[in-house]
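A quick write-up on the structure given underneath.
The values are calculated or read from the model by the stated rules, or taken from the named source; none is laboratory data. Predicted model only: the values in this text are computed from it and were never measured. FYI the Cβ positions are ideal-geometry reconstructions off the backbone, even for glycines, and counts take in every protein chain you see. Areas reflect the complete protein model, heavy atoms only, side chains present, ligands, DNA and RNA absent. Shrake-Rupley method; radii C 1.70, N 1.55, O 1.52, S 1.80 Å.
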Amino acid sequence: MDVTLLGTGDTTGTPTVGCDCETCEQARDRGIQRSRFSVHVRNPRTDKSLLIDLSPDFRQQFLTTDVPLPDEAVITHIHFDHLDGLGNAYRVFDELPVHAADTTDPITEESVAETIRRKYDYLDRVSVSAQTPFEPFEACGLKITLVPVDHPPLICFGLTVEDPQTGAKLSLSGDSSYDIPKASRDVLRDPDLFLVDAIVPASLCEYHPIGGKDPDNNGIPRTFGTKHMTREGALSLAEELTASKTRLVHTAHFYPVEEAFQEPLAIDGEQYRLDGTGIERLQ
Ligand SMILES: [Zn+2]
Ligand SMILES: [Zn+2]
Ligand SMILES: [Zn+2]
């Protein structure tokens with residue numbers, strides 16, 4: 001499968017509009033984008049493409065990246081930066097099946113699938129398929145498994161995308177703290193490529209109103225606030241899951257400029273081929 005990182009930023013993206021911090025200025029100078037989160041997966045055997053999350057930057061992403069429009073989509077949770085790009089489906093798709101979890105969220109009293117159905121009921125070419133976490137389903141000839149992660153107060157899901165022919169495996173943490181349940185970690189384990197939420201470095205926890213949590217053995221917080229992993233938390237999780245390759249995504253412009261463009265922080269447009277024997281960077 002070919003994996004293209006269409007959007008690698010957090011909810012404001014980098015550069016952030018109206019921001020003149022050094023990280024945003026350098027991103028502008030170098031033409032680097034971290035738009036709102038979305039990942040494109042093409043199955044070369046079926047020539048079908050799966051989109052993971054519908055970024056509000058959908059239009060710009062598909063205008064600037066040479067990948068086909070998706071045949072199906074998966075949505076991890078209902079935050080703006082992952083869902084609201086679905087409005088772009090209007091008059092662009094003849095048909096777009098969208099997969100999302102069927103678990104009822106105690107906060108919204110709806111599942112992710114139900115919220116999408118309600119918010120986008122005017123898009124009659126979008127059909128929503130409710131999927132049960134931990135039960136694999138097929139999309140674009142690939143095997144998809146949703147797993148619950150930790151993104152309070154809303155429910156959110158990580159996922160794996162596996163090619164049943166080659167054994168290639170992509171895992172995504174979804175928006176999550178470090179406190180991912182063990183059963184979910186077991187599903188995410190041993191990916192060829194791991195895309196993991198790393199919103200800021202742990203050093204910034206002191207600026208969060210409630211600080212950090214989930215400290216490692218050296219006291220370094222692996223969770224920023226309650227919702228997202230620190231860079232250190234993301235790297236620690238990648239090591240635990242024995243990921244062959246890791247890219248840090250959903251990163252914020254709050255990374256200090258001297259750290260913001262270091263490896264393994266992803267930027268928009270990166271493309272990888274997973275063929276079951278390894279991973280090759282295409283772009
Ligand atoms: Zn900025
Ligand atoms: Zn979120
Ligand atoms: Zn997000």
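Some notes on this structure:
- In the context of the full protein assembly, HIS250 retains an accessible surface of approximately 10 Å², using a probe radius of 1.4 Å and ignoring ligands and nucleic acids.
- Percent of beta bridges antiparallel (DSSP, the chain, rounded to nearest 5): 60
- Dipole orientation for segment 2-281: of the candidates PHE93, THR12, ALA113, PHE93 has the Cα lying most toward the positive pole (charges on Cβ; Lys, Arg +1; Asp, Glu -1).
- The chain shape via C-alpha gyration tensor axes, a/c threshold 1.5: rounded
- Separation between Cα centres of segment 129-202 and segment 225-283, rounded to whole Å: 15
- Split the accessible area of the chain by element, probe 1.4 Å, and carbon with sulfur accounts for 47%.
- Working note: 222 nm ellipticity from helices only, DSSP H runs with n ≥ 4, each -39,500 (n - 2.57), summed and divided by the residues of the chain, gives -4500 deg cm²/dmol to the nearest 500.
- Length gained on full extension, GLU138 to THR108: 8.1 nm, using 0.36 nm per residue less the C-alpha separation.
- Per residue, in Å², the accessible surface of segment 242-283 once ligands and nucleic acids are set aside, probe 1.4 Å: 47
- Taking a ≥ b ≥ c as the square roots of the eigenvalues of the Cα gyration tensor, segment 150-240 is classed as prolate, since a/c reaches at least 1.5 and a/b is larger than b/c.
- Straight-line cross-link reach from LYS119 at under 13 Å between alpha-carbon atoms covers these aspartates and glutamates, not counting any fewer than eight positions away in the same chain: ASP84, GLU110.
- Cα gyration tensor category, rounded, prolate or oblate, for segment 209-283 with a/c compared to 1.5: oblate
- Straight-distance candidates among the lysines for linking to LYS213, with alpha-carbon spacing under 28 Å and chain neighbours fewer than 8 residues away dropped: LYS182, LYS227, LYS245.
- Heavy atoms of HIS79: accessible area, 1.4 Å probe, square angstrom to 10: 50
- Exposed-loop-free span, longest in the chain, where chymotrypsin sites (Phe, Trp or Tyr not before Pro) count as exposed if DSSP calls them loop and at most 13 other C-beta atoms lie within 10 Å: 135-283
- If you plug the beta carbon distance of ILE210 and LEU154 into 1/(1 + (r/R0)^6) with R0 = 25 Å, you get a FRET efficiency near 0.90.
- A 1.4 Å probe run over segment 1-138, with the rest of the protein chains in place, finds 46 Å² accessible per residue.
- In this simple spin-label approximation, ARG281 and THR11 carry label points 7 Å from Cα along the Cα→Cβ vector, and these lie 3.1 nm apart.
- LYS213 contributes an accessible area of around 70 Å² to the protein surface, as traced by a 1.4 Å probe with all chains present.
- When GluC sites (Glu not before Pro) are flagged only if DSSP places them in a loop and at most 13 other Cβ atoms lie within 10 Å, the longest unflagged stretch of the chain comes out as 110-283.
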